[in-house]
Amino acid sequence: MSSRPKIAFVCDECGVEHAKWQGQCSACGQWNTLRELSVPKAAGAGRSAGYGGAAPEVTRLAEVETAPLERFPTGMGEFDRVLGGGLVPGSVVLMGGDPGAGKSTLLLQVTAKLAGDMPVLYVSGEESLQQIADRARRLGLPRDGLTVAAETRAEAVADLVTRLAPRVVVIDSIQVMHVEAASGVPGSVTQVREAAALLTRLAKQTQTVMVLVGHVTKEGHLAGPKVLEHMIDCFVMLDSPAGTRYRTLRGHKNRFGAVNELGVFAMTEDGLKEVSNPSAIFLRRPAEMSPGSVVTVTWEGTRPLLVELQALVDDLQGGHPKRISVGLDAQRLGMHLAVLHRHCGLSLSDQDVFANAVGGVRIVETGADLALIAAVVSSFRNRALPRDLVCFGELGLTGEVRPIPNGQERLREARKHGFTQAVVPRANLPKTAIGGIEVHGVTTLNQTLEALSALE
Ligand code: TYD
Ligand code: MG
């Protein structure tokens, strides 16, 4: 049998292997992303059946011993919140984000603090040790405890981990790591995958926390995301909403906790500062309200967040009517407009509709439906809504308004920030009134529009 390595064509975008070269990857649809690679044959490949070692065993689930998950906080509350309470020994965390988002800054702050209590290793393959030391000095971080290494060879990192036995290792970044035994240039999907696989095995064997930094390509994908995402335990993204100094850290996968927790930071001259009351920063509104604006209360992980939604409805400028939304689901916007037409007789087919969640927030839950449609109608009618009004609730296709989770907490958050009126699903009405806020319960979109016009 031949022992020649197999030739494969691997997509740089999604990591899927193809037997032949083709212009477009049939898995992810990207063009010119296939790269020829020789894949070493796995040991024993081609041999049929047979495996070494002991016979496999099965166990009834009830007989498997469980222990409460051990985790330790990093001391940075917003980071811990997204991780589900802290770092879990032996886990692998992937932190993604645009270049310049602040990944290196955040992780340097976290590790410099942690290093006071435990051995920590910061491996940088992108910046020199002087640059890191300089940044730590400027940020006023303790520099005694933290061990740093400038290294891009994954095997060498493994050696260091075995020798120094750190409890936390940061790899900045996984894209510059390479594995000598694997083919492909550094940065290629094969190299990133092999390096991540090696470091993941090491994390499990040594019970070390491995934090991998990953850059996002301009299309918004991590290089080789598919190949990494199934390997790692947690995937968090550090986003920088355009034009602001705020940074949001969001969990996209977490084997040890809830996802969609949101951590908020501000980038300052002294590094990243935690923002423990994010509602305040996303709500900077003028004293005089304009048509097309309303505040909603979304739910981010375990806490409410007040966000202003804006809509602009304008006469169609030729062609198809535009339905554009930023930070909100464009498909849902289209759906709401259909409901508005069918159940309330309000047609916007000769109008362009633009919608935006202010402050660069991305809203992923359905609780913003009612506020979005309220903003659209307000803009269309050119009538401003009151400044002290919040609105939330889900809109169904039959024109019904559906309750959403955590209604009471959302109303309390609104009250805390000075809002005195709310239009919400009737089923979300508080059982006992909340002092200082008048809450109107609605069950249909028609009722919602009536309640809103009464408040204008
Ligand atoms: P960095 O952590 O290097 O980003 P990443 O590792 O995600 O690529 O952050 C770089 C940006 O942050 C850079 O534009 C400068 C800015 N910054 C500050 O504003 N204040 C600071 O204290 C630091 C360290 C960086
Ligand atoms: Mg960096």
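The values are calculated or read from the model by the stated rules, or taken from the named source; none is laboratory data. Predicted, not measured: the structure shown is a model, and the values here were computed from it. Here Cβ is always computed from backbone atoms with ideal geometry, including for glycine, and neighbour counts include all displayed protein chains. Keep in mind that these areas ignore ligands, DNA and RNA; they rest on the heavy atoms of the full protein, side chains included. Shrake-Rupley method; radii C 1.70, N 1.55, O 1.52, S 1.80 Å.
Things worth noting here:
- Residue identified as part of a helix (DSSP H, G or I), within 24 Å of Ala266 (Cα to Cα) and not charged (D, E, K, R) among Leu160, Leu94, Leu106: Leu106
- Of the residues Gly292, Gly263, the single one that is in contact with a helix residue (DSSP H, G or I) (Cβ under 6 Å, 6 or more places away or on another chain) and at negative phi is Gly263.
- In summary, Ser183 fulfils each of the numbered conditions (1) in contact (Cβ under 8 Å) with a residue 60 or more places away in the chain; (2) under 29 Å from the mean Cα position of the chain (by Cα) with the single exception of condition (2).
- Contact annotation: residue pairs with Cβ atoms under 6 Å, 6 or more positions apart or on different chains, pairing a residue in region 83-97 that is over 18 Å from Val227 (Cβ atoms) with a partner that is within 14 Å of ligand 2 (Cβ to nearest atom) and not in a strand (DSSP E or B), are Gly97/Lys103.
- Test set (1) under 25 Å from the mean Cα position of the chain (by Cα); (2) open to solvent by 50 Å² or more (accessible area, probe 1.4 Å) - Ala371 fails condition number: (2)
- When restricted to residues that are assigned to a strand (DSSP E or B) and open to solvent by 60 Å² or more (accessible area, probe 1.4 Å), region 376-412 contains 1.
- Across region 109-125, the qualifying residues are those that are within 13 Å of ligand 1 (Cβ to nearest atom) and outside any loop (DSSP other than H, G, I, E, B), and the one among them that is surrounded by the most Cβ atoms within 10 Å (Cβ to Cβ) is Tyr122.
- Residues that are farther than 15 Å from Gly251 by Cα and basic (Lys, Arg), drawn from region 63-105: Arg71
- Residues (within 16 Å of ligand 2 (Cβ to nearest atom) and either open to solvent by 20 Å² or more (accessible area, probe 1.4 Å) or in a loop (DSSP other than H, G, I, E, B) (or both)) located in region 232-259: Met237, Asp239, Ser240, Arg247
- Against the conditions (1) within 16 Å of ligand 2 (Cβ to nearest atom); (2) under 18 Å from Gly301 (Cα atoms); (3) modelled with pLDDT under 90, Leu222 satisfies every one except (2).
- Condition met for Leu337 (open to solvent by 10 Å² or more (accessible area, probe 1.4 Å) and either of a type in the set (Gly, Ala, Ser) or touching a Leu at 6+ places or on another chain (Cβ under 6 Å) (or both)): yes
- Residue count for region 176-205 satisfying the condition of being in contact with a helix residue (DSSP H, G or I) (Cβ under 7 Å, 6 or more places away or on another chain) and crowded, with 23+ Cβ neighbours inside 10 Å: 6.
Conditions tested, residue by residue: (1) open to solvent by less than 70 Å² (accessible area, probe 1.4 Å); (2) near ligand 1 (Cβ under 10 Å from one of its atoms).
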position: Arg60; (1), (2): no, no
position: Thr66; (1), (2): no, no
position: Thr74; (1), (2): yes, no
position: Asp80; (1), (2): yes, no
position: Gly86; (1), (2): yes, no
position: Ser91; (1), (2): yes, no
position: Leu106; (1), (2): yes, yes
position: Glu127; (1), (2): yes, yes
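Quick grid of which residues meet (1) among the polar types (S, T, N, Q); (2) in contact with a Ser or Thr (Cβ under 9 Å, 6 or more places away or on another chain); (3) crowded, with 19+ Cβ neighbours inside 10 Å:
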| position | (1), (2), (3) |
| --- | --- |
| Glu261 | no, yes, yes |
| Met267 | no, yes, no |
| Asp270 | no, no, no |
| Ser276 | yes, no, no |
| Ala280 | no, no, no |
| Pro291 | no, yes, yes |
| Val307 | no, yes, yes |
| Val313 | no, yes, yes |
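- Some residue of region 131-146 being polar (S, T, N, Q), surrounded by fewer than 16 Cβ atoms within 10 Å (Cβ to Cβ) and within 16 Å of ligand 1 (Cβ to nearest atom): yes
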